[in-house]
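The values are calculated or read from the model by the stated rules, or taken from the named source; none is laboratory data. Treat the numbers as computed from the prediction; the structure is a model and nothing was measured. Reconstructed Cβ throughout: ideal geometry from the backbone, glycine too, with neighbour counts over all protein chains shown.
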């Protein structure tokens, strides 16, 4: 009855099952595991944030600072009293780009075109080990034995399957940068180095993996599959003692508290634990992603931030963790769209396009000549296209500022209509220092509409200067895309109207947005017709794609600003484009936002993630598509109320005067 309850009621839930299996892998007692399982069930039943699988983000310090270790040089000093230094291999010397090592089997299944291969592969290995133990053996097996059984179970030829798994293992493994430095230092000091692993690979294969990842100087290799004994049962440590020079002082370094810690000490070998980077990092990671992309995202993030070598700033980690995956996916989305629609040029609109342009050129260096950083802003666009978008013009400059926070003089200055101030005030009876409110707003609007030609004439120099700038930027281009963060898409729509209706440059421009208006926007359907026609395209979500995100994203909870913070360049937004006798145009900017160095750190984190992701793809041979749903998933944790303390740490950078 107990087994039925566990298997059919509790473990059928994947969230409960994954956490329970993690607990069991740490060799907790049956009683402890059962209590933990019941606790998980209670959390699932009564905690909405647990059901949503929302991690609690580190608010008091950056994640990397929690895993920072003494430097490799200092660590080596603590090892100098030992004659033989033994290392666990996987998760200590070598990392895989997955949050769970068995997720490598997803790629094997794809390579072999075999559905559900991961589950089959895990189950076959489990049964083989169980069968070994039932016959009184150690339970240790080799990859060849696994594939003999898999051939019988699946019909996949053993040679093909074995070669595929070994090829992907070679491609995916990479060196732990912290331990790579440690091993190099120890090798230079002439220490005896041992690689000791509970693994089904052969000694030759382990040696090959270490060599290709840059590890040299190992003279002892012990692998459980060949030795038919393991660290977990203590047998490999006895083998290590036999291989070491008589009387040697031995220390073992590994990540598993039981196998690398307790059992080493039980064998009389000193043990130094190196915390598993995936277990350290997974508590902060989102699991609400597709299986392969989610595992790769977590695997790369955990290995980079928790290996103990460096401490990164909270801003760097904000960019790395919540902007990195999105940037890779968005740039790939932009590239595919440009290919399918034959865009001759891509305009990355300021300020949100700055880091996107850098990332895009990293990913597609051959396309650098077709990508441009284009100065454009909603403020400048509203003035330049006032004749075409009158409603937008008055909404931005009057309606959205009619809350009594600005004087009439300040409003006219922001509209660059200072010459009209005296006549407007004389005609309407308003005082220049009087605050703009919803009561007097219509009076101001009515005057400007009556004198509309005067308004447009004041903007004419900017209109001509902007025409010269975009004529230069577009050249003879006949089709282009304009990249922006979102949300209404007015920047791209106004640019398209200016280029084609106002200036007659004959170059249709498609607006490419990260996200659009959501269900929580004041007018959620405002731009839907433009998405239907294809003039605007959204990556993350829309009213007909990823509707759970469309319903989740809430501008009133600063969701727009958290996204814009990822991309916003540390420069002032564009106020206008003015004529210039020498160049034809010059740009006017607002004051730059606060804390430019912290914003640069965000961008550095984004670009470092992009570089690591591209390196992983190149090494594994698998270009991974990132859906908009996956790209948004890490940010959902940031936006949840559960992480209010984390949000407050970033609020000082949410400068709405400059972002948006």
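If I filter the range 360-372 for residues that are touching a residue at least 24 places away in the same chain (Cβ under 8 Å) and more than 30 Å from residue 624 (Cα to Cα), do I get at least one hit?
So far as the range 360-372 goes, no, none of its residues is touching a residue at least 24 places away in the same chain (Cβ under 8 Å) and more than 30 Å from residue 624 (Cα to Cα).
For the range 216-234, give me each residue that is touching a strand residue (DSSP E or B) at 6+ places or on another chain (Cβ under 7 Å) and either loosely packed, with under 15 Cβ neighbours inside 10 Å or over 20 Å from residue 142 (Cβ atoms) (or both).
217, 218, 219 - these are the residues of the range 216-234 that are touching a strand residue (DSSP E or B) at 6+ places or on another chain (Cβ under 7 Å) and either loosely packed, with under 15 Cβ neighbours inside 10 Å or over 20 Å from residue 142 (Cβ atoms) (or both).
If I filter the range 569-585 for residues that are surrounded by 23 or more Cβ atoms within 10 Å (Cβ to Cβ) and over 30 Å from the mean Cα position of the chain (by Cα), do I get at least one hit?
Yes: one or more hits.
Among the helices (runs of 4 or more DSSP H) contained in the range 61-157, which hold 2 or more residues that are under 22 Å from residue 309 (Cβ atoms) and touching a residue at least 40 places away in the same chain (Cβ under 8 Å)?
63-66, 72-79
Tell me, yes or no, whether the range 530-537 has at least one residue that is crowded, with 21+ Cβ neighbours inside 10 Å, touching a residue at least 60 places away in the same chain (Cβ under 8 Å) and either touching a helix residue (DSSP H, G or I) at 6+ places or on another chain (Cβ under 7 Å) or more than 30 Å from residue 417 (Cβ to Cβ) (or both).
Within the range 530-537 (the criterion being crowded, with 21+ Cβ neighbours inside 10 Å, touching a residue at least 60 places away in the same chain (Cβ under 8 Å) and either touching a helix residue (DSSP H, G or I) at 6+ places or on another chain (Cβ under 7 Å) or more than 30 Å from residue 417 (Cβ to Cβ) (or both)), the answer is no, since none of the residues qualifies.
Could you grab me the full set of residues in the range 458-489 that are within 30 Å of residue 519 (Cβ to Cβ) and modelled with pLDDT under 95?
Selection gives 485, 486, 487, 488, 489.
Determine which member of the set 588, 619 is assigned to a strand (DSSP E or B) and farther than 17 Å from residue 353 by Cβ.
Residue meeting the stated conditions: 588.
Picking from 534, 568, 491, which residue would you name as being assigned by TED's automatic domain parsing to the domain that holds residue 374 and either in contact with a strand residue (DSSP E or B) (Cβ under 6 Å, 6 or more places away or on another chain) or more than 30 Å from residue 289 (Cα to Cα) (or both)?
491
Confirm whether residue 237 is surrounded by 19 or more Cβ atoms within 10 Å (Cβ to Cβ), modelled with pLDDT of 95 or more and over 15 Å from residue 90 (Cα atoms).
yes
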